[in-house]
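Just so you know, all these numbers are worked out from the coordinates, no wet-lab data involved. Keep in mind it's a predicted model, so treat the numbers as computed, not measured. Here the Cβ positions follow ideal geometry from the backbone for every residue, glycine too, while neighbour counts run over all protein chains shown.
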Amino acid sequence: MKKQLFLLLFMAITFASVNAQEAGRTRFSFVLNPQISWLKTNNVLAEAKGSLPGYNFGIIVDRFFDDNYAFCTGLTINTNGGKLQYPMLGTNQPYTETYRLKYLEIPIGLKLRSEDMHRTNFYGRFGLSQQINIKAVDINGKDISDQVKLFDLGYHLGAGIEYSVGGRNALIFGLLFNNGFADVTKKNGFDDKTIHNRFVFEFGFIF
């Protein structure tokens, strides 16, 4: 089911991007988004032990191929992470590993936008979140890049409003959920799959 959803989403985004090259307008938005992130593992011996605050900032590009539909991509810096508790081999005492991660994120997706309503537009967007790890440290600032995979992949789903402040300029307020489906950690003595999830509070300005 997940593979079929991935294929369908990829085909829809490809179709939209082709049409976007033929007609429409392009908008650039600067975003600065606080977020809450956490890690989730399928290993019964390990346990998620809390979330971490972070932020996501950069440029988002909307390329409209119709009045109310756009191909959406961009480039952002994403700081996130989480905490996992593992059993310590040979003892009954568990230990907690804190992952403080930084990624270069390239989202790709579709945006659905309402008609103007008293200077306000409602939007929804969904797509894929591709990330390249550029930094990984523990709670003490020690480098743990050897424990984290280079690439991460997930999907995002969200909604929000755009409030016009005149001309093409508008403010953005939204909420986005990112759900990972790729393993973000390398094997560390446990046969597990660890995914990365986030709640993102979107704040931006459309130029």
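Of note:
- Here's how it looks for residue 185: its modeled amide H is under 5 Å from those of 149, 194, which are all 5 or more places away or on a different chain.
- Virtual spin-label span in nm between residue 44 and residue 114, 7 Å along Cα→Cβ: 4.8 nm
- Residue by residue, the stretch 30-44 carries 3J(HN,Hα) couplings of 9, 10, 9, 10, x, 8, 10, 10, 8, 10, 9, 10, 9, 7, 5 Hz when phi is fed to the Karplus relation 6.51 cos²θ - 1.76 cosθ + 1.60 (θ = phi - 60°); x denotes Gly or Pro.
- Given their separation in residues at 0.36 nm each and the Cα-Cα distance between them, residue 173 and residue 88 gain 26.2 nm when the chain is fully extended.
- Förster radius 25 Å - calculated FRET efficiency between residue 164 and residue 25, Cβ distance, rounded to 0.05: 0.95
- For the stretch 139-155, 3J(HN,Hα) per residue [Karplus equation, 6.51 cos²θ - 1.76 cosθ + 1.60, θ = phi - 60°, Hz, x = Gly/Pro]: 5, 9, x, 6, 5, 10, 4, 6, 9, 10, 6, 5, 10, 9, 9, x, 10
- Working note: Karplus 6.51/-1.76/1.60 with θ = phi - 60° gives the stretch 124-137 the couplings x, 8, 8, x, 9, 10, 9, 9, 10, 6, 10, 6, 8, 9 Hz, where Gly and Pro are set to x.
- Pairs exceeding a 19 Å alpha-carbon distance, out of 142/193; 111/135; 40/83; 83/149: 142/193; 111/135.
- Segment residue 140-residue 67, length gained on full extension (0.36 nm per residue, minus Cα span): 21.3 nm
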